[in-house]
Amino acid sequence: MQILSLGKSDVGLVREHNEDFYLVNEELGLYLVCDGMGGHAAGEVASRMAGETVQSVLLDSKDFLQEFSGSDAEREQLTVLVRNAAARACQVVFDHGQTHPECARMGTTLTFMVVVGQVAAVAHVGDSRLYVRRQDRVFKLTNDHTLVAELVFAGVLTPEQALTDPRSNVLTRAIGLQREVRIDGLLFDLMPGDTYLICSDGLCGSVYEPAELNDLMTKDSLEEMSDTMIQRAKVRDGSDNITTVLLRVVDEENSASQAWGEEVTLRLQIIKQVPLFQDLDLSERMKVMSITKIEHCEAGDLLIEEGTDGDCMYITLEGQLIVTRGEVEIAVLSQGDHVGEMALLSQKPRSASVRAVEPSRLVVIERDGFLKLLHEEPALGIKLLLRITSTLSERIEEINEQLQVFVL
């Protein structure tokens with residue numbers, strides 16, 4: 001896919017020097033924003049050191065990035081690579097602060113994308129942000145690691161109260177304050193027409209409404225888009241450095257590009273149709289999609305055998321499946337239908353068999369990947385737990401109603 005990109009940074013109206021740092025390395029497919037902290041020149045040192053360390057780690061894996069084919073194994077390897085790059089940046093910044101007293105307690109945010117082919121991998125720590133404009137809507141793909149964000153999640157503050165809370169700049173996670181930090185990761189497929197914005201909080205602290213960003217991100221010129229965003233942030237506040245990195249996936253009007261866009265859209269829609277995932281926003285569905293794989297089967301293939309242990313669920317993309325218990329047909333599954341979700345949560349034997357009626361294409365989610373996702377994304381895990389609780393409650397209610405009818 002062809003990517004257009006642009007990075008810009010402005011010192012703002014108050015500060016004397018710029019502690020933000022950005023990188024646009026199109027050869028590596030690296031797009032990065034860091035927002036340093038630490039006083040004097042320490043913040044500037046931290047942000048540059050973190051960004052350049054990430055670039056150095058990726059350069060060591062340049063052959064892998066250039067030969068990337070998009071297989072499931074390579075996608076997993078790419079996820080590990082970007083996390084390792086962020087982890088290494090944290091170690092380098094922390095160690096420098098330990099050996100240079102003038103840089104003690106320096107740190108930085110770190111948000112970056114690595115784009116290879118049709119795939120993007122993200123690593124994120126702090127309160128810089130990544131947004132995407134897709135199909136006429138803007139979505140925030142990262143979560144802020146701030147005290148205020150955690151208080152909102154806990155229900156202590158409302159989103160409206162958070163906008164004016166004086167603790168908005170208190171970070172709960174940053175690169176370099178400790179030698180290790182928990183890193184948020186995201187792997188997803190690009191779509192033709194996507195526009196991405198990575199920015200420091202000098203921008204997103206005052207220009208953050210999805211409707212406003214959607215309007216700004218429709219501009220044809222990335223230069224005009226960046227200049228308008230920075231100017232708007234300066235007019236509204238300007239007390240911080242302001243940095244934007246913009247990427248646009250060129251919407252090539254050819255059959256292959258259109259087919260790929262339709263495929264990505266279909267997979268995301270199919271995932272949303274599953275009751276377990278219907279409350280998830282786009283970024284959360286992207287995270288679920290990152291642990292899926294596509295499986296093809298022929299007519300007559302047995303996917304699930306009654307009485308055997310199961311470790312995955314299936315969602316039908318194309319084709320038709322039949323569900324049987326003993327010799328009795330109990331369901332026919334077509335596009336959007338799913339089966340086997342309880343295998344993600346327990347290791348009990350399968351209660352029915354599932355066989356393909358015709359050549360079919362399936363989305364597969366395995367238990368190990370699902371549990372790993374819940375461990376790495378506790379907020380997502382809570383959402384899914386609430387949905388599971390609601391579903392079980394509904395099923396118990398249905399059983400009670402049936403029992404009452406039977407008794408009567």
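For the stretch 213-246, filtering for residues that are among the acidic types (Asp, Glu) and under 17 Å from residue 31 (Cβ atoms) leaves 1. Here 345, 386, 373 are screened, and the one residue that is under 25 Å from the mean Cα position of the chain (by Cα) and either modelled with pLDDT of 90 or more or under 18 Å from residue 186 (Cβ atoms) (or both) is 373. Residue count for the stretch 315-341 satisfying the condition of being surrounded by fewer than 14 Cβ atoms within 10 Å (Cβ to Cβ) and more than 17 Å from residue 294 (Cα to Cα): 8. Note on the stretch 153-170: residues that are in a loop (DSSP other than H, G, I, E, B) and surrounded by 10 or more Cβ atoms within 10 Å (Cβ to Cβ) amount to 9. Looking only at the stretch 379-395, which residues are over 18 Å from residue 281 (Cα atoms) and touching a residue at least 40 places away in the same chain (Cβ under 8 Å)? Across the stretch 379-395, the qualifying residue is only 391. Would you mind stating whether residue 178 is touching a strand residue (DSSP E or B) at 6+ places or on another chain (Cβ under 7 Å), surrounded by fewer than 22 Cβ atoms within 10 Å (Cβ to Cβ) and polar (S, T, N, Q)? In short, no. Taking residue 262 as the residue in question, decide whether it is over 23 Å from residue 128 (Cα atoms), of a type outside the set (Lys, Arg), without any contact (Cβ under 8 Å) to a residue 40 or more places away in the chain and not in a helix (DSSP H, G or I). The answer is no for residue 262.
Residue by residue, here is whether (1) part of a loop (DSSP other than H, G, I, E, B); (2) buried (at least 16 other Cβ atoms within 10 Å of the Cβ); (3) small (Gly, Ala, Ser) holds:
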site: 207; (1), (2), (3): yes, yes, no
site: 215; (1), (2), (3): no, no, no
site: 220; (1), (2), (3): yes, no, no
site: 224; (1), (2), (3): no, no, no
site: 229; (1), (2), (3): no, yes, no
site: 232; (1), (2), (3): no, yes, no
site: 240; (1), (2), (3): yes, yes, no
site: 245; (1), (2), (3): no, yes, no
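Cβ-Cβ under 6 Å, sequence separation 6+ or interchain: first residue in the stretch 155-176 and over 29 Å from residue 48 (Cβ atoms) and of a type in the set (D, E, K, R), partner modelled with pLDDT of 90 or more and not in a loop (DSSP other than H, G, I, E, B). Which pairs? Final answer for the pair search is 165/148.
The values are calculated or read from the model by the stated rules, or taken from the named source; none is laboratory data. Treat the numbers as computed from the prediction; the structure is a model and nothing was measured. Quick reminder, even Gly has a Cβ in these numbers, built from the backbone with ideal geometry, and neighbours come from all protein chains shown.
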